[in-house]
Amino acid sequence: MNLFKKVIGATFAAGLATFGLAYNPISTYHYLADPAAAADDEYFYVITDSDDPAPYNSNGYEIKALYGFRTKDMQNWTDFGIIYDARKVDGVGAIWASGIAKNPNDGRLYIVFPDGGGGGIVLIGADSLAGPWTNPLSGGKRLIGWGGGAISGCDNIGWCFDPAIFFDDNGDGYFTFGGGSSDQRPARDNDNNIFNIYKLDKDMKSYNPNTKVELKIGGPKAMEASYIHKYKDNYYLSYSTADLRIAYGMSKSPTGPYTYKGIFMGNPNINGQNINANNNNHHGVAEFKGHWYVAYHDRRIANGYDGLEKIPAEDGKPNPNAAYHRSVSVDEFTYAADGSMNSLTFTKEGPEQIENFDPYDWYPALTSSKQKGIRSRSDWAPGKVASSLLLPLSTKESWIRVSGVDFGTAATGFTVEAASTADGNKIEIHTGSPTGALAGTCALKNTGSKNTFAETSCDMEGLKGIVDYVFMVFKGSQDSTMAIKAWGFQGSGTTPPEPQKAYNATNTPWTIPGVIQMEDFDVPGVGRGGDLKSFQDNDAENHGDSDYRKDDAPSVDLYKKSGDRVVVGYIQKDEWLEYTVNVAKTGTYTMYAAVASDGGSSFKLSIDGKDITEDIAVPAAQKTDSEEQNFDDYAKVKANVKLEAGEHILRFTATADWFDIDFINFEEGEDAPDPHQIGTEAIGTTVAFEKGAHMNYDVFDLKGNKLASFKATSMAEAGAMWQNSAEAAKVQGISLIRNRASGKAARVRSIR
């Protein structure tokens with residue numbers, strides 16, 4: 001096993017550092033807003049409306065159509081373009097913020113959308129996200145509206161819009177809507193009564209108006225965007241507040257009553273910089289493959305945030321009014337132990353990829369994790385499946401990127417379906433960056449018309465195994481002379497998955513009772529699935545000063561300490577590390593941890609996903625003469641835990657911010673004495689020794705084969721002895737040196 005193999009969970013962070021390419025928003029080539037989210041076993045779905053019709057100097061919203069996106073891995077999104085367009089549907093004036101859900105009874109997707117700013121609520125359904133979408137209600141009625149064309153009226157709610165749809169575990173379906181304020185249905189701090197919920201009939205052809213419940217909730221003054229989801233046994237009603245945040249309440253029933261709990265999302269900002277023009281928001285929440293995600297809108301494209309390409313408005317004029325030119329992003333969030341929603345952290349990176357991308361399929365052209373210098377064109381009509389074309393601005397820097405691509409044995413070819421009206425148009429396939437290694441070039445056929453498509457195939461070289469980034473770079477002498485419809489690679493095989501493994505020379509689980517160095521968290525796995533991760537860091541930046549683990553975990557913050565120690569620091573809430581352990585026998589153990597904090601920090605431990613401790617408080621370190629916290633002042637904290645014999649995954653999770661941890665040790669018995677007291681030995685060692693004493697060091701190659709042994713007074717001395725040895729002259733590259741007593745390891749390079 002190559003301990004320093006690049007793997008998906010780690011290399012994304014490295015790629016960000018190298019290329020400076022953010023992942024949010026999910027589309028950078030047009031303006032999207034008001035997302036809703038849903039998921040099934042195969043896909044995570046996002047629908048949005050669009051600000052594309054709005055001119056650059058808008059002072060209001062002009063929203064006409066719904067767009068559809070889906071992903072299997074939370075990084076690579078397929079954009080189906082417009083999936084429903086008010087401009088082409090009789091009787092619908094506009095389409096604003098909508099909701100989507102998968103019906104477990106019939107397996108179909110359903111969308112509820114508002115006809116503009118109060119014309120009523122419409123239900124449509126389809127077998128797939130691309131449609132075609134049709135109204136299933138008897139007589140083609142509306143769910144909510146005015147006159148005889150709707151089942152119920154707006155019930156004195158100020159704004160008859162912003163609907164959402166929800167299906168419970170037992171298949172019961174509900175829809176909710178509302179916004180604004182009226183004399184009869186007011187919105188006030190701690191007294192909001194602007195949302196209704198109704199229960200849908202099982203056949204989706206109607207509902208009983210008598211199932212209506214007024215969703216009254218406390219909390220800040222509500223404005224719009226009621227949304228219901230379920231986690232475990234709790235139901236959540238979230239909404240947009242008048243002060244532009246997302247609040248929520250909890251209940252044991254989808255129809256309430258809901259108890260206000262707090263603010264789930266602030267107004268989107270990153271590192272104190274607002275990315276939303278300090279304006280309104282909208283959200284959609286869904287669970288997918290064991291993770292929880294929220295889609296939301298911001299204004300980071302129109303603001304040109306973090307170097308994003310600030311695209312023109314649809315009228316072609318630059319620098320559009322940010323308030324009315326939004327973009328849609330997605331981030332992962334978590335729940336606290338009591339079921340409450342932890343506050344969302346807005347990121348540049350977006351969610352981590354949870355599954356490798358399979359290149360050996362046929363994809364709509366607008367399938368990517370990032371884009372630059374492209375535009376899109378939708379082709380939608382009532383009763384037809386939606387499609388969308390990729391239009392390169394090929395005289396500029398123009399590309400799409402796909403992330404975490406598993407080519408397995410090797411890709412031998414690439415095929416693209418495209419229209420081209422000029423000679424010399426081509427697509428280059430690069431890895432790593434838009435100018436990285438060239439795998440192949442496809443010269444497009446001149447089809448003579450933008451509506452005439454032909455397939456072009458070309459050979460590929462060098463695409464094998466898991467490739468972090470694959471770029472399709474579009475080049476030509478004129479813009480708007482290419483229209484790309486679909487693409488796919490040819491080849492065979494996938495990379496066999498490897499589970500996470502203990503980080504030591506032989507990948508042997510850490511023994512309990514015993515000591516575990518916290519920097520020696522597991523090597524992440526390789527293959528498909530989020531369960532192959534072994535750590536979670538809240539940002540891609542490495543704040544530490546140690547190079548330890550920089551190859552397989554570059555984002556984890558590791559710090560050098562005296563005596564060749566390495567500790568995990570800069571720890572923030574919800575970050576976690578995992579360790580493969582082997583418990584000698586079933587029983588009660590005492591866990592000790594060496595920690596340092598400025599106070600208010602805490603962590604917990606779990607085994608195989610089940611908590612074995614409550615939150616363990618980390619005491620404040622002593623202050624120096626300058627009144628600063630001394631993070632070299634480590635203390636021991638302890639907890640009694642019950643463990644089952646055998647091999648397990650131990651997870652350390654931070655439950656509050658800002659502390660360091662050096663090691664943990666488990667001792668057999670309840671309240672067992674701690675033989676590893678701080679001050680009598682170097683923190684992190686398993687035996688006491690005096691500074692300057694000779695210790696045993698073993699040298700391994702990266703397959704775990706032992707190469708040599710030395711006695712030395714320090715890791716640095718052992719490394720130098722190895723490099724100058726006759727054995728090292730036979731070895732090319734990196735070896736692993738390990739202190740036999742402490743378990744500490746370091747890499748050393750030897751050159752012939």
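The values are calculated or read from the model by the stated rules, or taken from the named source; none is laboratory data. Here the structure is a predicted model, which means the values were calculated and not measured. Here the Cβ is made from the backbone with ideal geometry for all residues, glycine too, and neighbour counts use every protein chain on show. Calculation scope for accessible area: heavy atoms of the full protein, side chains included, ligands and nucleic acids excluded. Shrake-Rupley method; radii C 1.70, N 1.55, O 1.52, S 1.80 Å.
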(request) Would you tally the residues in the stretch 45-71 being open to solvent by 30 Å² or more (accessible area, probe 1.4 Å) and of a type in the set (Ser, Thr, Tyr)? (result) 2
(message) Checking the structure you have, find out if any residue of the stretch 250-261 is open to solvent by 60 Å² or more (accessible area, probe 1.4 Å), in contact with a strand residue (DSSP E or B) (Cβ under 7 Å, 6 or more places away or on another chain) and either farther than 24 Å from ALA336 by Cβ or of a type in the set (Val, Ile, Thr) (or both).
(response) yes
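Only one of ALA553, ALA593 is farther than 30 Å from PRO359 by Cβ and of a type in the set (Gly, Ala, Ser); which? Explain how you work it out, then say what you get.
Working: ALA553 fails: farther than 30 Å from PRO359 by Cβ.
Unique residue meeting the criteria: ALA593.
When you go through GLY99, GLY93 one by one, which is the residue that is surrounded by fewer than 19 Cβ atoms within 10 Å (Cβ to Cβ) and either closer than 16 Å to PRO163 by Cβ or touching a helix residue (DSSP H, G or I) at 6+ places or on another chain (Cβ under 7 Å) (or both)? Show your work before the answer.
Details: GLY99 fails: surrounded by fewer than 19 Cβ atoms within 10 Å (Cβ to Cβ).
Sole residue among the options that is surrounded by fewer than 19 Cβ atoms within 10 Å (Cβ to Cβ) and either closer than 16 Å to PRO163 by Cβ or touching a helix residue (DSSP H, G or I) at 6+ places or on another chain (Cβ under 7 Å) (or both): GLY93.
Please specify each residue of the stretch 426-448 satisfying the condition of being in a loop (DSSP other than H, G, I, E, B) and open to solvent by 40 Å² or more (accessible area, probe 1.4 Å).
THR435, LYS445, ASN446, GLY448
With ILE400, ILE301, ILE354 as the choices, which residue is open to solvent by less than 20 Å² (accessible area, probe 1.4 Å), within 28 Å of TYR84 (Cβ to Cβ) and assigned to a loop (DSSP other than H, G, I, E, B)? Even if it seems obvious, please write down each step before you answer.
Details: ILE400 fails: assigned to a loop (DSSP other than H, G, I, E, B); ILE354 fails: within 28 Å of TYR84 (Cβ to Cβ).
So the residue among ILE400, ILE301, ILE354 that is open to solvent by less than 20 Å² (accessible area, probe 1.4 Å), within 28 Å of TYR84 (Cβ to Cβ) and assigned to a loop (DSSP other than H, G, I, E, B) is ILE301.
Would you say LEU390 is open to solvent by less than 20 Å² (accessible area, probe 1.4 Å) and more than 30 Å from THR655 (Cα to Cα)? Full working, then the answer.
Working: open to solvent by less than 20 Å² (accessible area, probe 1.4 Å): yes; more than 30 Å from THR655 (Cα to Cα): yes.
Here the answer is yes, as LEU390 does meet what is asked.
Looking at LYS585, LYS604, LYS636, can you tell me which residue is at pLDDT 90 or above, outside any strand (DSSP E or B) and open to solvent by 10 Å² or more (accessible area, probe 1.4 Å)?
On the way: LYS604 fails: outside any strand (DSSP E or B); LYS636 fails: outside any strand (DSSP E or B).
Among LYS585, LYS604, LYS636, only LYS585 is at pLDDT 90 or above, outside any strand (DSSP E or B) and open to solvent by 10 Å² or more (accessible area, probe 1.4 Å).
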(request) Give the stretch 196-208 a look and list any residue that's outside any strand (DSSP E or B) and either crowded, with 16+ Cβ neighbours inside 10 Å or in contact with a helix residue (DSSP H, G or I) (Cβ under 6 Å, 6 or more places away or on another chain) (or both), or say none. (result) MET204, LYS205, SER206
(request) Quickly run through the stretch 645-665 and pick out the residues that are surrounded by fewer than 23 Cβ atoms within 10 Å (Cβ to Cβ), over 28 Å from SER343 (Cα atoms) and out of contact with any Asp or Glu (no Cβ under 9 Å at 6 or more places or on another chain). (result) ALA645, GLY646, GLU647
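How many residues, within the stretch 710-738, are basic (Lys, Arg) and at pLDDT 75 or above? Before the answer, list the steps.
Step one: of the stretch 710-738, the residues basic (Lys, Arg) are 711, 730, 738.
Checking which are at pLDDT 75 or above leaves us with 711.
Count: 1.
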(request) Could you list all residues from the stretch 262-276 that are open to solvent by 40 Å² or more (accessible area, probe 1.4 Å), closer than 13 Å to SER343 by Cα and not hydrophobic (A, V, I, L, M, F, W, C)? (result) ASN269
(message) Quick check on the stretch 103-160: of everything there that is assigned to a loop (DSSP other than H, G, I, E, B) and aliphatic (A, V, I, L, M), which residue is farthest from ASP90 (Cα to Cα)?
(response) ILE157
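Quick check on GLY413: is it open to solvent by 20 Å² or more (accessible area, probe 1.4 Å) and either modelled with pLDDT under 95 or within 23 Å of PRO359 (Cα to Cα) (or both)? Give the steps one after another, and end with the answer.
Values: open to solvent by 20 Å² or more (accessible area, probe 1.4 Å): no; either modelled with pLDDT under 95 or within 23 Å of PRO359 (Cα to Cα) (or both): yes.
Here the answer is no, as GLY413 does not meet what is asked.
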(request) With the condition kept exactly as written, say whether any residue in the stretch 186-195 is in contact (Cβ under 8 Å) with a residue 24 or more places away in the chain, over 23 Å from TYR110 (Cα atoms), open to solvent by 50 Å² or more (accessible area, probe 1.4 Å) and more than 39 Å from the chain's Cα centre (by Cα). (result) no
(request) Look through the stretch 493-516, keep the residues that are open to solvent by less than 40 Å² (accessible area, probe 1.4 Å) and closer than 19 Å to GLU644 by Cβ, and return whichever of them is nearest to the chain's Cα centre (by Cα). (result) ALA502
(message) Looking only at residues that are open to solvent by 50 Å² or more (accessible area, probe 1.4 Å) and of a type in the set (A, V, I, L, M, F, W, C) in the stretch 113-164, which one is farthest from the chain's Cα centre (by Cα)?
(response) TRP146
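Could you say whether any residue in the stretch 72-79 is open to solvent by 20 Å² or more (accessible area, probe 1.4 Å) and either in a loop (DSSP other than H, G, I, E, B) or closer than 16 Å to ASN135 by Cα (or both)?
Residues of the stretch 72-79 open to solvent by 20 Å² or more (accessible area, probe 1.4 Å): 72.
Applying the additional criterion that residues be either in a loop (DSSP other than H, G, I, E, B) or closer than 16 Å to ASN135 by Cα (or both) yields 72.
Within the stretch 72-79, one or more residues are open to solvent by 20 Å² or more (accessible area, probe 1.4 Å) and either in a loop (DSSP other than H, G, I, E, B) or closer than 16 Å to ASN135 by Cα (or both).
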(message) Being open to solvent by 10 Å² or more (accessible area, probe 1.4 Å), under 30 Å from LYS610 (Cα atoms) and of a type outside the set (Asp, Glu) is the requirement here; does GLY290 meet it?
(response) yes
(request) Specify the residue that is nearest to TYR324 (Cα to Cα); the eligible residues are those in the stretch 44-84 that are touching a Leu at 6+ places or on another chain (Cβ under 6 Å) and aliphatic (A, V, I, L, M). (result) ILE47
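Quickly run through the stretch 403-424 and pick out the residues that are part of a loop (DSSP other than H, G, I, E, B) and among the polar types (S, T, N, Q).
Kept after step one, since they are part of a loop (DSSP other than H, G, I, E, B), are these residues of the stretch 403-424: 407-409, 421-424.
Within the stretch 403-424, THR409, THR421 qualify.
Please indicate, with yes or no, whether at least one residue in the stretch 213-235 is of a type in the set (Val, Ile, Thr), touching a strand residue (DSSP E or B) at 6+ places or on another chain (Cβ under 6 Å) and crowded, with 24+ Cβ neighbours inside 10 Å.
Narrowing the stretch 213-235 to residues of a type in the set (Val, Ile, Thr): 213, 217, 228.
Still in the list and also touching a strand residue (DSSP E or B) at 6+ places or on another chain (Cβ under 6 Å): 213, 217, 228.
Restricting the remaining residues to those that are crowded, with 24+ Cβ neighbours inside 10 Å gives 217, 228.
The answer is yes; a qualifying residue exists.
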(message) Just to be sure I understand the filter: pairs with C-beta atoms under 8 Å, separated by 6 or more residues or on different chains, first member in the stretch 329-343 and among the acidic types (Asp, Glu), second member in a strand (DSSP E or B) and open to solvent by 10 Å² or more (accessible area, probe 1.4 Å). Which pairs pass?
(response) GLU332/HIS291; GLU332/TRP292
(message) Quick check on the stretch 476-491. Is at least one of its residues over 26 Å from the mean Cα position of the chain (by Cα), farther than 29 Å from ILE400 by Cα and surrounded by 16 or more Cβ atoms within 10 Å (Cβ to Cβ)?
(response) no
